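Notes to accompany the following structure.
The values are calculated or read from the model by the stated rules, or taken from the named source; none is laboratory data. Nothing here was measured: the structure is a model prediction, and the numbers come from that model. Cβ: placed from backbone, ideal geometry, glycine included. Neighbour counts: every protein chain shown. Quick note on the areas: whole protein, heavy atoms, side chains included, nothing else; ligands and nucleic acids left out. Shrake-Rupley method; radii C 1.70, N 1.55, O 1.52, S 1.80 Å.
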Amino acid sequence: MFESFMAGAHRLSRVNYAPRAVAFAISFVIIALLAQERGWGAWYLAFPALYLLLYPHLLVVAGGFLSATARFETRAILADSLILGFLAAFVNFYLWLSFGFMVAIALNASVVGGSRQLLLALLLYTTGAIAGGILNDWQVQIDGPFYLDIMTMALLLGYVLGVGFLAYNQNARLVSTTRGVEERNRVFQVLVEISSSADLVGEVQDFIHDALQRIHDLYPKYGLGMVVRDVKRPGVLRFVEFVDISVEEQDALVKYLSTTRTPDSRELTWINPDNGAIFQMVFDNSRVRGNEGIIVVRARAISSLLREAARLALEMLGVHVENKMLALDLKHAAERDPLTGVFNRGRLDAELASAIRSRKQHGAMEFAVLMIDVIGLKGVNDKYGHVAGDSLIRETAVVLQEVCRATDVFGRYGGDEFVIICRGSSLTDAQGLRERIKRDVSGRKIRLATGAQETATAYLELSIGLASSSEVEPEEVLAAADEDMYRDKKEWYATHERYR
Ligand SMILES: Nc1nc2c(ncn2[C@@H]2O[C@H](COP(=O)(O)OP(=O)(O)OP(=O)(O)O)[C@@H](O)[C@H]2O)c(=O)[nH]1
C-alpha cells in the first residue's frame, strides 16, 4: 500500500527515504533519552516526534502524490538542514547530535547537489541553529551521558556508511547501464556494417562469411555458425559457415541441423553427445523464399543482447539472401539463351568487349574467337518441323559445351550460330580447339525430337571460322571469324556437292 504511494516519487526521493526514516527515528530515540536525562517534560518531544517520526513518510508520499522531480528532494534536503539546525539548538547544542546532524546534511547535500548545495545546506543549518538558539534563550549544554555519546557516534557512523553504500550501488548500476548501452551501440554498429557490406559482397556465401566474422569480432570468445536451410526439407542446407568451431564439431552440427525441425520457441540448446559441448541456436522466423536462417553460438548461455543481435542479423540475412538470389536469377535470366541455357549474345558481346580491353591494355592478353554455324538447320526445319530444329540447336549447344575448356566462354550468338571466345589463348591453341571440334563433333549422329514422343536422326555438320587478336586488330576479330566461317562453309559445300 505504502509502496504504491511511494511509486510515483522520484527515484532520488525513494533512495533517500529509508536512510532518512531510519536515521530520523534513531535521532528521536536519542533526543527522548536525552530529555529523560535532563528532565525535560514529555510535551518537549512533540515537535521532534512530529518531524523525526512522521515527516519522512509524509515527504515521500507527497513526492509520489505530486509526481515530483529530483528538485523536490534537493529542496527537502535543504529544508532538513534548516530544521535539523533548529533541532540542534532545541537539544541545547548537545555536541555529538549537533555534529552528527551537520555531518549528515553536509554529506547528503554534497552527494546530491555538489558544492553549491553543500554551501546552501550549511548556511541553512547555521540559520536554523541561530533561530533555534534565539528562541531557546541560547541554552547550551554540549556534553551528554557517555552511552548517548556512543549511540550518537554509532548512528553517525552507520549513516555515513549507509550513504556510502547507496552511492556505491548507484554508481555500480550506472556503470553496468553504461556498459549495456555501449555494447548495444557496438552491436548496432556491426549490424549497420553488415547491412552495408551486403551491397559490396557479391556472393551470398561471402556475405554470410563476412557477417559472421563481424559478429565474431564483437564476441570473440564464442565459436559461431550460420546456416541457411530449406524450411520444408531441413536436410537441404543451402549455406553453411562457421568461425572458431572445429571441423569435427562443424560436422556434428551439420548432421544435427539436417535432421532437426524448427522449434516453436525459435530457440534451442543442443549438447553435442560426443564431447558435451553446449550450443545455443537461434532460428529466424521470417522464412524468406522457403529458407530459414540459424545462428549457432557455442556457449552455455547467451545474453539477451546477443540473442537479439542474432535475431536482427538473421532478419537482415534473410532479406539480403533473398535479394541476392533474386539478383542472381535476374542475372542468369538476362545473360542466358532460353532455348539452350548457354550464354546469349548480350553476354558474349560483354565478354568480347572485355577481351578487347584487356588486349589493348596489356598487349600480351591475346584472345581468339571461333564462330560456329550449324549447316542445314533450315533443311531440318523444313523436313521435320521447328521442334526438331530447336532440338538440333539444343543438342549442338550440349556437344559444343562439352568440348570447350573451363576458361572458354561459349554461347549462342543467334539463330544457328555459336561463338567460343578463348581468352589468353594463342592462335595455335584455338586452332587445336577447332580441330577437336571438327574431329569429335562434326558428323556426329544426333537424335532429334520432332513432336509428341517421335524422333528423327540427323548428322551434325558445322562450319567453323577462327580469328585471333595476334593476326587482326582486337575489334575486328569477330568479323574476321565470321568471314572465315563463310569461307569454311563454302569449302564444306564444295566438298559436299550433293547438299547444294
Ligand atoms: N528451329 C529453329 N530454327 C531457327 C532458330 N533460329 C533460326 N532458325 C532457322 O535457322 C535457319 C538459319 O538460316 P541458315 O543459316 O541460312 O540456314 P542453314 O540451313 O543452316 O544454311 P547454312 O547455314 O547456309 O547451311 C533459318 O531458317 C532460321 O529460320 C531457332 O531458334 N529454332
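So for the pair ASN381, PHE28, with labels modelled 7 Å out along Cα→Cβ, what separation do we get in nm?
10.9 nm
Magnitude of the Cβ-charge dipole of the stretch 201-335, K/R +1 and D/E -1, about the Cα centre, nearest 20 debye? List each step's numbers first, then the result.
Values: 17 positive and 20 negative charges, 83 e Å.
Roughly 400 debye, rounded to the nearest 20.
Given a Förster distance of 60 angstrom, what is the FRET efficiency for GLN139 paired with PHE188, based on the Cβ-Cβ distance and rounded to 0.05? Before the final figure, lay out each step's value.
Details: r = 66 Å, r/R0 = 1.10.
The formula returns an efficiency of 0.35 here.
What distance in nm separates the two pseudo spin-label positions at LEU58 and VAL472, each 7 Å out from Cα along the beta-carbon direction?
The two pseudo-label positions are separated by 10.8 nm.
What residues have an amide H closer than 5 Å to that of HIS10, excluding those fewer than 5 places away on the same chain, when H is modeled at 1.01 Å from N in the peptide plane?
Here ALA68 satisfy the definition.
Test of the criteria: in the stretch 400-456, which trypsin sites (Lys or Arg not before Pro) are in a DSSP loop and have at most 14 other Cβ atoms within 10 angstrom of their Cβ?
Working: sites: ARG405, ARG412, ARG423, ARG434, ARG436, LYS438, ARG439, ARG444, LYS445, ARG447; in loops: ARG405, ARG444.
Here the trypsin sites (Lys or Arg not before Pro) that fit, given the DSSP loop and packing criteria, are ARG405, ARG444.
Given the Cα-Cα distance of VAL175 and SER303 and 0.36 nm per residue of separation, how much length would full extension add, in nm?
Taking 0.36 nm per residue and subtracting the Cα distance, the gain is 44.3 nm.
Under a straight-distance cross-link criterion of Cα-Cα below 17 Å, which lysines are reachable from LYS232, leaving out those fewer than 8 residues away in the same chain?
LYS255
Between LYS221 and ARG439, what is the label-to-label distance in nm when each label sits 7 Å out along the Cα-to-Cβ direction?
Output for this residue pair reads 6.6 nm.
Rounded, prolate or oblate, given the Cα gyration tensor of the stretch 314-436, with a/c below 1.5 counting as rounded? Before the final figure, lay out each step's value.
Working: a/c = 2.54, a/b = 1.13, b/c = 2.24.
Taking the square roots of the gyration eigenvalues as a ≥ b ≥ c, the stretch 314-436 is oblate.
Keeping the other protein chains in place, figure out the carbon and sulfur percent of the accessible area of the stretch 201-335, with a 1.4 Å probe. Before the final figure, lay out each step's value.
Values: 3510 of 6650 Å².
Within the stretch 201-335, the accessible surface is 53 percent carbon and sulfur.
Antiparallel as a % of all DSSP beta bridges within the stretch 312-449, to the nearest 5? Provide the component values of the computation, followed by the final result.
Working: 14 of 15 bridges.
Just about 95 percent of them are antiparallel.
Can you list the HN-Hα couplings for the stretch 72-80, worked out from phi with the Karplus curve (6.51, -1.76, 1.60; θ = phi - 60°), rounded to whole Hz and with x for Gly and Pro?
4, 6, 5, 5, 4, 5, 5, 5, 4
Using θ = phi - 60° and the Karplus form 6.51 cos²θ - 1.76 cosθ + 1.60, what ³J(HN,Hα) does each residue of the stretch 148-160 get, whole Hz, x for Gly and Pro?
Karplus values, whole Hz, x for Gly and Pro: 6, 4, 5, 4, 5, 4, 4, 4, 4, 4, x, 5, 4.
In the stretch 97-157, what chymotrypsin sites (Phe, Trp or Tyr not before Pro) fall in a loop by DSSP, with at most 13 other Cβ atoms inside 10 Å?
Details: sites: PHE99, PHE101, TYR125, TRP138, PHE146, TYR147; in loops: TRP138.
In loop regions of the stretch 97-157 (DSSP not H, G, I, E or B), the sparsely surrounded chymotrypsin sites (Phe, Trp or Tyr not before Pro) are TRP138.
Taking a ≥ b ≥ c as the square roots of the Cα gyration tensor eigenvalues, with a/c under 1.5 meaning rounded and otherwise prolate when a/b beats b/c, else oblate, which class fits the stretch 201-335? Before the final figure, lay out the partial values.
Numbers: a/c = 1.74, a/b = 1.54, b/c = 1.13.
Here the stretch 201-335 falls in the prolate category.
Under a 5 Å amide H to amide H cut-off, with H placed in plane at 1.01 Å, what residues pair with ARG336 once short-range neighbours are removed?
HN-HN under 5 Å from ARG336: ASN344.
For the stretch 357-432 and the stretch 29-65, compute the distance between their C-alpha centroids and round to whole Å.
105 Å
Past the 24 Å Cα-Cα mark, which pairs from LYS360/LYS438; LYS378/LYS438; LYS438/LYS489; LYS331/LYS438; LYS378/LYS445; LYS331/LYS489? Walk me through the numbers on the way to the answer.
Values: LYS360/LYS438 31 Å; LYS378/LYS438 21 Å; LYS438/LYS489 13 Å; LYS331/LYS438 33 Å; LYS378/LYS445 17 Å; LYS331/LYS489 35 Å.
Going by Cα-Cα distance, LYS360/LYS438; LYS331/LYS438; LYS331/LYS489 fall outside the 24 Å limit.
Given a cut-off of under 8 Å on Cα pairs at least six residues apart, what relative contact order in percent is computed for the chain?
Values: 695 pairs, mean separation 42.6, N = 500.
Normalised by residue count, the contact order of the chain is 9 percent.
Apply the Karplus parameterisation 6.51 cos²θ - 1.76 cosθ + 1.60, with θ equal to phi minus 60°, to every residue of the stretch 394-399 and state each ³J(HN,Hα) to the nearest whole Hz, in sequence, with x for glycine and proline.
5, 5, 4, 4, 4, 5
Under the rule of -39500 (n - 2.57) per DSSP H run of 4 or more residues, summed and divided by the residues of the chain, what mean residue ellipticity at 222 nm is obtained, to the nearest 500 deg cm²/dmol?
-20500 deg cm²/dmol
Between THR450 and residues 5 or more places away or on another chain, which pairs have amide H atoms under 5 Å apart, with H built 1.01 Å from N, and which residues are they?
THR455, ALA456
Using a 7 Å offset from Cα along Cα-Cβ at PHE47, what residues in the stretch 55-83 end up with backbone N under 14 Å from the label point?
Inside the label zone: 82-83.
Exactly which trypsin sites (Lys or Arg not before Pro) in the stretch 296-344 are in a DSSP loop and have at most 16 other Cβ atoms within 10 Å?
Details: sites: ARG298, ARG300, ARG307, ARG311, LYS324, LYS331, ARG336; in loops: ARG300.
Filter output for the stretch 296-344: ARG300.
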